[in-house]
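Remarks on the structure that follows.
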Number of protein chains: 2
Amino acid sequence: MTASRPTSPASPPTASGTARRPSVKDVARLAGVSVGTVSNVVNGRTFVRAEARERVEAAIAELGFVRNATAKALRTGVSPLVGVAVLDLANPFFMEAATGMERRLNQDGCVMALSSTHSDVEEEARLLHALAGQGVRGILLTPSDTALTVAHEVVGRGIPVVLFDSPATPPDMPSISVDDQKGAELALTHLLGLGHRRIAFLNGPRRVRQARDRLAGVRRAVSLAARRSAGGAGRPASRRPSPNDRVDLVEIPLESFTANAARDRVHQLLLDAGIHAGPAPRPLPASFPTAFFCANDLIAFGAMTALRDAGVRVPTDVSLVGFDDIPMASEMSVPLTTIRQPMEELGWAAAEALFATADGAPVGHRKFLPSLVERASAAPPPDRPDQSGR
Amino acid sequence: MTASRPTSPASPPTASGTARRPSVKDVARLAGVSVGTVSNVVNGRTFVRAEARERVEAAIAELGFVRNATAKALRTGVSPLVGVAVLDLANPFFMEAATGMERRLNQDGCVMALSSTHSDVEEEARLLHALAGQGVRGILLTPSDTALTVAHEVVGRGIPVVLFDSPATPPDMPSISVDDQKGAELALTHLLGLGHRRIAFLNGPRRVRQARDRLAGVRRAVSLAARRSAGGAGRPASRRPSPNDRVDLVEIPLESFTANAARDRVHQLLLDAGIHAGPAPRPLPASFPTAFFCANDLIAFGAMTALRDAGVRVPTDVSLVGFDDIPMASEMSVPLTTIRQPMEELGWAAAEALFATADGAPVGHRKFLPSLVERASAAPPPDRPDQSGR
DNA sequence: CTGAAAGCGCTTACAG
DNA sequence: CTGAAAGCGCTTACAG
């Protein structure tokens, strides 16, 4: 009365003609052991007798058995799936980061389910719910929503969420970010060190946090430089203020972090300075900035284009510094000096934080330091005022 | 003797302090119905009595019940997870395509698990095995391996695979590709129509299929044009061969489809033609190509950079046509005329093919037609030979 | 060291 | 129209 190979009335539909995938039961039968032993072998339990293990391994090989991850997930309550929700799949920054996340996730046998929120709060909510319904082991999220409402809800359901590219420090979610202020400070200090004193900051829109933080960094570098020169090695009181010490900084916020916005704006700037398009080099007025710090590489790209359209040489006439170090930065017509965000490392760290939190580590908030990468687009300023008299 | 709320000896570990996620059982109890009825409501079965349905819905709302997708997958044998394996996450082409895939997948309630093979056959194999072990509903694969060995194995296991950006036509896998030959033909026909007769084809390495196909298309357009002019409206036999009809085509294969490779090569070409770097426009020798067709947009970008570095104007002195229409194409210093691959549509179609195949539709191989998008980088050729005598 | 059994959370014929 | 029960493929105390 043993129901060997029972035809279950509730057996799930199988693709017609496709052989059913072998299960532990099949392996157990072939190896002449119980399913528990098969499971123990599959999970590398050391106490299995060598002889039994061998028979099981042979059976596994013969049947081509592969453990059903879904069943394992249901039984153990942990899924290998990790959801990753970024703002935009087409953005190099996120894709570099995703590469890092994937590497770390794979190391722990997890699989990355990458999707995009398109910077939309509604879409973010839908995606978060869908992922939670999937029973993912965790979610790596670049939030569009500063309120983090749905994210908190998900965490409340027991699914860890780590905030990526966000400086938020909620008590229940680790976060990974880079110090935008320090990055901007680095860029400006570099330009100042090169001798630039008339600098324009081509920023993104103020409503985005990165733009605000980078502006703060720019200002900080300028005031730091002023203080340093005021309190220099000589006798501070007697030191006559040199024209070289006064920094002329202007912020120019664009409507978006794009090449087009930057190109149009710089084109206009050039027109205002009396420089019209044309490839022949012509002298820039002394009042024109000798350097542009750009809030990201795309902006730098647009600026470079506009400058070159007008016959302005980079870096001979004007220096340029970007932010991000996307792959294109080194491929621009003049390789871009920029502030590097360690994108892959950031991604790796986010995945790391997920595992750590799941293991009960306290919720941490890591802030990475960006670094300067010097290429060809920034050089000492031209000696414009003296250029005719020399 | 009813074992109400049994403390299973084998209950899975739950995160400490976290409330267990409500299950159908909890909902059933609260609503005073059986779990089967809960399931029927959740699945929108129409035969459920209105009164029962309402009670169930109320209970679902009260408990915040979300169906466990893992259990559903185990029971029904179908997972909502669809694996997507592309060559490179940082490549705009794949990311645009992924956007299309995601949209179509989401429409059927599937979630995309995107990863990269880094164009490596070994990695592809590992990834395919991992995805299969996950019990994915299907896989969208851009193959690095022309043998398709692991892919066939996966299909043999009952997991449908669709080939993306591959013209292969195996009997067991649908494929989606774009007609590279036609695309190249389109580009060349455009250039020819504009009046260009001295054209350089900046190709990628011949070992990649796309490069070979695009070369074939370029050649086809040229021979078609020759035939057409030979057999024109007039008396073919009496027609004197006009210098305008002879097409001077040269293929220049690069080592990679990158901007850097293109820039270096074009820089060298310019040097060979006696043109040295410098922003001042100078006459190009008559032998210099009046147009470059580039095997992808990145190559066009590099070529544009090198040309502009030498003071060569685009399109006044030299025309440029690209291939792909990546987002950057329209942001270049002179917006690029290019051959558009319908990237999102391709991705959508791949997902579509997966569902169709799973529904038993015959394995199809769709080939998309690329299209010309005219922007600013291509114009009629300059009248170089006459330019001094005019 | 190993087998038998329970149970993860669902869905689905089947009986009523 | 609904309930009771089986079973998807695993893992894991428990008994031996």
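The values are calculated or read from the model by the stated rules, or taken from the named source; none is laboratory data. Just so it is clear, the structure is predicted and the values come from calculations on it, not from any experiment. Virtual Cβ from ideal backbone geometry, glycine too; neighbours counted across all protein chains shown. We work out accessible area using only protein heavy atoms, side chains counted, and drop any ligands, DNA or RNA first. Shrake-Rupley method; radii C 1.70, N 1.55, O 1.52, S 1.80 Å.
Worth pointing out:
- Using a probe of 1.4 Å, the accessible surface attributed to residue B:317 totals some 20 Å² when neighbouring protein chains are kept in position.
- Pairwise FRET efficiency - residue A:220 versus residue A:71, Cβ, R0 = 51 Å, nearest 0.05: 0.35
- Per-pair calculated FRET efficiency, R0 = 56 Å: residue B:146 and residue A:383 via Cβ, rounded to 0.05: 0.40
- Between residue B:88 and residue B:49, the contour length at 0.36 nm per residue exceeds the alpha carbon distance by 8.9 nm.
- Under 17 Å between alpha carbons - lysine pairs in the protein assembly as shown that sit 8 or more apart or on different chains: 5
- Here the relative contact order of the stretch B:24-67, from alpha carbon pairs under 8 Å that lie six or more residues apart, stands at 45 percent.
- Within a Gaussian network of chain A (alpha carbon springs, distance under 10 Å), most fluctuating of A:213, A:324, A:297: A:213
- Comparing mean-square fluctuations of B:364, B:138, B:183 from a GNM of chain B with C-alpha springs under 10 Å, the top value falls on B:364.
- Semi-axes of the equivalent ellipsoid for the stretch A:45-190, Cα gyration tensor, largest first, Å: 38, 19, 14
- Label sites at residue A:207 and residue A:313, each approximated as a point 7 angstrom past Cα along Cα to Cβ, lie 4.2 nm apart.
- Heavy atoms of residue B:25 accessible to a 1.4 Å probe, total area in Å² rounded to 10: 130
- The residues B:88, B:359, sorted by heavy-atom accessible surface at 1.4 Å with ligands and nucleic acids left out, run B:359, B:88 from largest to smallest.
- Distance (nanometres) between label positions extended 7 Å along Cα→Cβ at residue B:108 and residue A:153: 2.8
- Highest to lowest packing among B:337-344, A:32-39, scored as the average C-beta count within 10 Å: B:337-344, A:32-39
- Shielding by other protein chains, B:125-133, mean Cβ within 10 Å: 3
- Average Cα contact separation per residue, chain A, under 8 Å, 6 or more apart, as relative contact order %: 17
- The simple Förster model, with R0 at 25 Å and r as the Cβ-Cβ distance, assigns residue B:345 and residue A:123 a FRET efficiency of 0.75.
- Placing a label point 7 Å from Cα along the Cα-to-Cβ direction at residue A:220 gives distances to the equivalent points in the other copies of 5.9 nm, listed shortest first.
- Each residue, residue B:34 and residue B:373, gets one label point 7 Å from its Cα in the Cβ direction; the gap between the two is 5.8 nm.
- When both the stretch A:164-186 and the stretch A:294-327 are represented by their alpha-carbon centers, they are found 26 Å apart.
- Assuming charge only on the beta carbon of Lys and Arg (+1) and of Asp and Glu (-1), the dipole of chain A about its Cα centre is about 680 debye to the nearest 20.
- The base-10 log of I(q)/I(0) for the protein assembly as shown, evaluated at q = 0.05, 0.07 Å⁻¹, reads -0.35, -0.65 [Debye formula, identical scatterers on Cα atoms, solvent excluded].
- Per-bin percent of Cα-Cα distances, the stretch B:24-67 [5 Å]: 5, 30, 40, 21, 4
- Take each residue of peptide B:110-118, count the partner chain Cβ atoms within 10 Å of its Cβ, and average: the result is 6.
- Residue by residue along A:90-96, Cβ atoms of other protein chains within 10 Å of the local Cβ number 4 on average.
- Inter-copy label distances at residue A:373, using a point 7 Å along Cα-to-Cβ, come to 2.7 nm with the shortest given first.
- Over chain B, the reciprocal of the mean inverse Cα-Cα separation, the Kirkwood hydrodynamic radius, stands at 24.9 Å.
- Full-extension gain in nm, residue B:287 to residue B:273, via 0.36 nm per residue minus C-alpha separation: 4.2 nm
- Per-residue ellipticity at 222 nm from helix content only, as computed over chain A with -39500 (n - 2.57) for each DSSP H run of at least four residues, stands at -12500 deg cm²/dmol.
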